[in-house]
Amino acid sequence: MAITEPPTPQIHRLQQSSYLDAVRWLPPLSAFDKTAALALYDADTATSSLEVHSLTPQNSLTSQSRWTPPSRISSLRTSNSSLLAASTFSGSLHILGYDGSGLEPQGSIGEVGFHVGCVSGVDLVDDGSECVSVGEDGRVNLVRVVGDSSRLSHRRVFDGNGLVGFSAVKWASPTEFFTGGFGFNLKFWDLRKPGAAVSQFKGNWNRGKTSGIVHSIDIHPSRKHTCLAGGSSGTLFAWDLRWQQQPIILSGARTGEVATHSVSESEVWEVQYDRYTKPSNIGNISSSRILPAMMCSEDGILAVVEQGEEPVELLAEPCAINSFDIDRHNPADVICSLEWESVVIVTRP
Amino acid sequence: MPGFASGSADDTSRGAALVPVSTEPHPPAVYPLHLGLKPPISRLSISWSRGNTLRVSAFRQTTSVTKNSGEEIGGKVVEVRLSSSGDGEVSDAQWRRIEYGSVVPFALLQSRRNSVLSLSKMAIDSTPYNVEWLEYVMEYSKDINSLLGSSKLPPDSVIADPNKFLKIGEEPTCLKAAWELMEMFYAEKMFQAWLPERLVDWLADYDSLLSSTQLTVHSKLVNFQKELFSLQVIEDNPRYWEVLSSALAVGWLEIVVKMLRLHGSYQLDQLGKRETENGLVEAVAVLISKMPRLRAKIDGGKLGEVFKAKPDFIKAWEKWRGQITKLECSSFWIQCSHPQTREGLKNMLQIMLGNINSLRTATCNWIELYISHFLYIRPFTVGLESMYSLAQKCMLSKPMFVPHRLIGLLLGILGENTEVVLAECSDGFGPWMVTHAIELLTTASDQAEILLHEERYNLGGISVEELHRLVYAQVLSSHALTWQIAPIYLISCMKQGMGLLEILLYKQPLQHNQLLLKNLEICRLYELDNVGSNIMKIAGVNHWKHGRKGSGVFWLQQAEDEVCLNRIAQQLFDSVGKSISDESFKQWEGLIELLGSESKTSGGLEFLHKYRDFKKSLKQVHDGKITDTARQAVESLMMLMRNPSTPQRFWLPLLFDSLKLLSWWERPLLNVSQTNLLLNKLQELSLARLRPDFIKSDLPPDALNAVRLALATNLGRAILEEQ
């Protein structure tokens, strides 16, 4: 334990008047510019919208642009090239561009045969040329984002016919990606080896009757062999392709064997590698050590978890934190969406 | 429904109604619907949806949509939101913000109450609510108050407009005004002596709210402020003096002083000519700003000298009045050449001396008159009884003809009538207000506490407090975004809370995993395992029916629903295992992976798991001719055949698939006892054929004989080998 208290992060709460389905930072268009995309849902009128807000220096959000999706947004991702991919509860996928003046729909796909029901996860390749989508229907689709066609085309990578369900997806490289799903199941896919997943992780660690769902996964660009996953019962673990059947548990998951620090006992809704927190012993960091990760949970915790360290709580809210995003260009800034219709911006010192 | 427990038939007075239901007829509301359907509409169905929304389903004639018109919609469902019950003062989103924000203070107070009560049970003699408890209540009240908007005026700008005496900040709300009233009377019990001054402040903050129904000092000021710019010589205008005395009467000293300084005699070019006049104006202004006040502190910008204790205050008060009398009798008045100024100032002195007639003329309604009494006639009024009788006196003198919800509430509080206070809260401010105000009311007096906590037969054995919490929880439950906070209120209801909580949890939609998990989280928090597992079962069946078989099985497993899992296993058997080469079998792999290896939770699906292993090894056998894998396949086969969970109708297909194993080229793979077991099973199967419920497999007709022959051959070879 450090004796001196670390400087506390600045916290700004911004009340909205509709439910937030997702929040993401957008890449900045100029040096001091901060913009975020908010997926909103107005329960009174049952309408949803995707809005781009700019964050003023006084820390208030002003709406810049707005686009209306056909139904609620289930997953939202941004790429480095100012592209947004939004999937909906009704099974469609939309690619939008943001150029500072407004949200420009670049194309959408939602025909029969794409997904049945909710598209639970999407992810864009960094250059924005391809998008992978997964759903509870067990389908994995690859959507090619080409310049100016209004209708996107898709290619089916896998169809689980509803026998398996996916909840999260994340690219590891332009040809490889990971998926997460029911039963703490993680799969590693390689587009060069079509037909099925290359390898998969079955979450059958010794934990009694309860199993869980992986809600969110993340891959660090420097460690493509390790998949970070968060899910039910406060579980945060990593799966290293090199040691396939043994999860590295970072938090939660009452294993009984190893005493891990448990940040939360409820659903971990989102995980991301935290590029802001430097690993504490940077000198002898081996590639098997899991890099610091940030997670948010149903019981209102936003925390940074590091392997073998005491977790650091950034927020402890009375309501659920449903999603968060770390600014890629300035990882000190974190934006979170809270269950009680508000956005919290955490600026770390 | 708790909502209808609004008093018995003979009890028509509003004061006694627990949840007042307005009986006045309203004009019918019209909601136009846009269905976008071509007539004729053959069927219309209307039902309640969540909260106060109606679900209207319209169906067209089915015959017209059968053939060519495939693109036309056969029907449509729309939801109609009936107008919100709010008064428009607070928007729906703001209400939700208040509802979210009040969860934490409410829950904190409940837990503190429980710990205080458990402590007081141990100590024999102490009262349950002590000073410490009052502090908790005060903290709670402040927390809630802060949610209702800030009453603080915006800070003065650097260049203040000298002509602008009235600062207009954030529009205050009646909700906040009402809460502050209750806070000062119920939560700030320790500061009774300062109550009159608190009321003065309260009116200063919220007089504008009363303007909606009647003339007030505030509205007078607003009007005069507008006029001000067109006035050349302000002190010639009788309205100036009228507004001045009105503002003085209700104690808005800083406004009065600021306005006095607008007097023409202050202008540099006139100062020489009107020296005496100016002196008098300034003297009055100084006297006003030196007014002694019995209160804790004074906010920045407000005038007066603060005295916390009564003896000091009395001394200062007498001295101050002496100075006023002295000024009144001074000879300078004769030298004052401006008649309006002279009369105006003298009238102001009369107000300060507490001349009842001057006060009566200066104020606009009884509440303002009441406040002026506290300021200038009876600053020591203590105790609700004397405050109430004074209020009645003022009401007689200056009645209000249009009722206002704040005034109704104030009268209820002054009259120490808990029922009236409750009814006014509920009527004027809705269930949120009642539920949260009850926390303050229970600390008001022992009688109030008994009244609110007493279990009542006519309410089905629950207390008034619980009734209102239940009503509020119903309101919360009816909205998609607030239902999650209803449990906080429900669990504080001892009698019916748990029951309603279970109903609430069962009623939540569970198509989306996120909502379902939030629902289950609440079950986990309140240890409602049974409800949780039922919800998982419902979700499992829902997913299964919608083709998400994996999710369905997952949830059923989580719920440990053996019955459903067995039924699903039966369904799976029908589609699995028709033949080894069946490609579709590959798809089941994922599902079987999901089932995990724990046989207990997967019920009948355990068979599928073993079946998968068997088929896998069998497939390997077909590919190559390795005896070891064949032996493994035999092991799996034997396990399947021995296991009671393997359905009988699978026996023959299993054996038929394993024909190659039974007549293995190298040596017999099954020993004697194993072969005997299989033969017995085969015998059983032949007998079962005669039964009416036997399900025929689509195997070739000679399959049974082929298997029997293979088994017999194997038996022979095995016997030979074992010898």
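The values are calculated or read from the model by the stated rules, or taken from the named source; none is laboratory data. Here the structure is a predicted model, which is why all the values come from computation and not from measurement. Glycine gets a Cβ as well: all are built from the backbone with ideal geometry, and neighbour counts include every protein chain shown. For accessibility, only protein heavy atoms count, side chains too; no ligands or nucleic acids. Shrake-Rupley method; radii C 1.70, N 1.55, O 1.52, S 1.80 Å.
For the condition touching a Lys or Arg at 6+ places or on another chain (Cβ under 9 Å) and within 25 Å of B:R113 (Cβ to Cβ), B:F429 qualifies.
Of a type outside the set (S, T, N, Q) and at pLDDT 90 or above - does that describe any residue in the stretch A:242-256? Before you say what the answer is, go through the steps one by one.
Within the stretch A:242-256, the subset of a type outside the set (S, T, N, Q) is A:242-243, A:247-250, A:252-254, A:256.
Pick out the ones that are also at pLDDT 90 or above and you get none.
The answer is no; no qualifying residue exists.
Can B:W194 be described as hydrophobic (A, V, I, L, M, F, W, C), at pLDDT 75 or above and more than 25 Å from B:V434 (Cβ to Cβ)? Steps first, answer last, please.
Numbers: hydrophobic (A, V, I, L, M, F, W, C): yes; at pLDDT 75 or above: yes; more than 25 Å from B:V434 (Cβ to Cβ): yes.
Yes.
Looking at the stretch B:262-275, can you tell me whether even one residue there is in contact (Cβ under 8 Å) with a residue 60 or more places away in the chain, hydroxyl-bearing (S, T, Y) and open to solvent by 20 Å² or more (accessible area, probe 1.4 Å)? Taking every residue of the stretch B:262-275 in turn, none turns out to be in contact (Cβ under 8 Å) with a residue 60 or more places away in the chain, hydroxyl-bearing (S, T, Y) and open to solvent by 20 Å² or more (accessible area, probe 1.4 Å). Looking across the stretch B:492-522 at every residue that is away from chain A (no Cβ under 13 Å) and open to solvent by less than 10 Å² (accessible area, probe 1.4 Å), the one that is nearest to B:A437 (Cα to Cα) is identified as B:C493. B:G301 meets all of the listed conditions (1) more than 42 Å from the chain's Cα centre (by Cα); (2) surrounded by fewer than 16 Cβ atoms within 10 Å (Cβ to Cβ) but one, namely (1). The test for being among the basic types (K, R), closer than 19 Å to A:G102 by Cβ and at pLDDT 85 or above holds for A:R24.
Name every residue in the stretch B:536-557 that is of a type outside the set (D, E, K, R) and buried (at least 24 other Cβ atoms within 10 Å of the Cβ), in order of residue number.
Once the filter is applied, which keeps residues that are of a type outside the set (D, E, K, R) and buried (at least 24 other Cβ atoms within 10 Å of the Cβ), the stretch B:536-557 yields B:A539, B:G540, B:H543, B:G550, B:S551, B:G552, B:V553, B:F554, B:W555, B:L556, B:Q557.
Inspect all residues belonging to the stretch B:357-374 and state whether any of them is in contact (Cβ under 8 Å) with a residue 12 or more places away in the chain and loosely packed, with under 14 Cβ neighbours inside 10 Å. Scanning the stretch B:357-374 turns up no residue that is in contact (Cβ under 8 Å) with a residue 12 or more places away in the chain and loosely packed, with under 14 Cβ neighbours inside 10 Å. For the stretch A:313-339, the set of residues classified as surrounded by fewer than 18 Cβ atoms within 10 Å (Cβ to Cβ) and farther than 24 Å from A:I213 by Cα consists of A:R328, A:H329, A:N330, A:P331, A:A332, listed by residue number.
Before we move on, is B:T363 touching a His at 6+ places or on another chain (Cβ under 9 Å), β-branched (V, I, T) and farther than 20 Å from B:W320 by Cβ?
On the way: touching a His at 6+ places or on another chain (Cβ under 9 Å): no; β-branched (V, I, T): yes; farther than 20 Å from B:W320 by Cβ: yes.
Here the answer is no, as B:T363 does not meet what is asked.
When every residue of the stretch A:186-193 is checked against the conditions, at least one turns out to be open to solvent by 10 Å² or more (accessible area, probe 1.4 Å), in contact (Cβ under 8 Å) with a residue 12 or more places away in the chain, under 19 Å from the mean Cα position of the chain (by Cα) and within 22 Å of A:S232 (Cα to Cα).
The set of residues from the stretch A:50-83 being assigned to a strand (DSSP E or B), without any contact (Cβ under 8 Å) to a residue 40 or more places away in the chain and under 24 Å from A:E136 (Cβ atoms) is empty. When the stretch B:474-491 is filtered for residues that are within 13 Å of another protein chain (Cβ to nearest Cβ) and either charged (D, E, K, R) or open to solvent by 10 Å² or more (accessible area, probe 1.4 Å) (or both), the ones remaining, listed by number, are B:S478, B:H479, B:A480, B:L481, B:Q484, B:I488.
Determine if the stretch B:575-585 includes at least one residue that is modelled with pLDDT of 85 or more, charged (D, E, K, R) and more than 23 Å from A:W269 (Cβ to Cβ). No: the stretch B:575-585 contains no residue that is modelled with pLDDT of 85 or more, charged (D, E, K, R) and more than 23 Å from A:W269 (Cβ to Cβ). B:L384 meets all of the listed conditions (1) surrounded by 14 or more Cβ atoms within 10 Å (Cβ to Cβ); (2) farther than 24 Å from B:A316 by Cα; (3) modelled with pLDDT of 90 or more but one, namely (3). With respect to the conditions (1) crowded, with 18+ Cβ neighbours inside 10 Å; (2) without any contact (Cβ under 8 Å) to a residue 60 or more places away in the chain; (3) not small (G, A, S), B:R321 lacks only one, and its number is (1).
Do we have any residue at all in the stretch B:504-520 that's farther than 23 Å from A:D299 by Cα and either modelled with pLDDT of 90 or more or of a type in the set (G, A, S) (or both)?
Initial filter on the stretch B:504-520 (farther than 23 Å from A:D299 by Cα): none.
No: the stretch B:504-520 contains no residue that is farther than 23 Å from A:D299 by Cα and either modelled with pLDDT of 90 or more or of a type in the set (G, A, S) (or both).
All of B:L369, B:L359 fail the test of being in contact with a Lys or Arg (Cβ under 6 Å, 6 or more places away or on another chain) and of a type outside the set (F, W, Y), apart from B:L369.
Yes or no, residue by residue, for (1) among the small types (G, A, S); (2) in a strand (DSSP E or B); (3) more than 13 Å from chain B (Cβ to nearest Cβ); (4) out of contact with any Ser or Thr (no Cβ under 9 Å at 6 or more places or on another chain):
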| residue | (1), (2), (3), (4) |
| --- | --- |
| A:R289 | no, no, yes, yes |
| A:M295 | no, yes, yes, no |
| A:V304 | no, yes, yes, no |
| A:Q307 | no, no, yes, yes |
| A:E310 | no, no, yes, yes |
| A:D325 | no, yes, yes, no |
| A:P331 | no, no, yes, no |
| A:V334 | no, yes, yes, no |
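When A:R72, A:R13, A:R66 are checked against the criterion of being at pLDDT below 95, within 12 Å of another protein chain (Cβ to nearest Cβ) and over 30 Å from B:H543 (Cα atoms), A:R13 stands alone in meeting it. The single residue among B:V77, B:V103 that is at pLDDT 75 or above, open to solvent by 70 Å² or more (accessible area, probe 1.4 Å) and within 14 Å of another protein chain (Cβ to nearest Cβ) turns out to be B:V77. When the stretch B:32-47 is limited to residues that are at pLDDT 80 or above and within 31 Å of the chain's Cα centre (by Cα), the one that is farthest from B:R81 (Cα to Cα) turns out to be B:S45.
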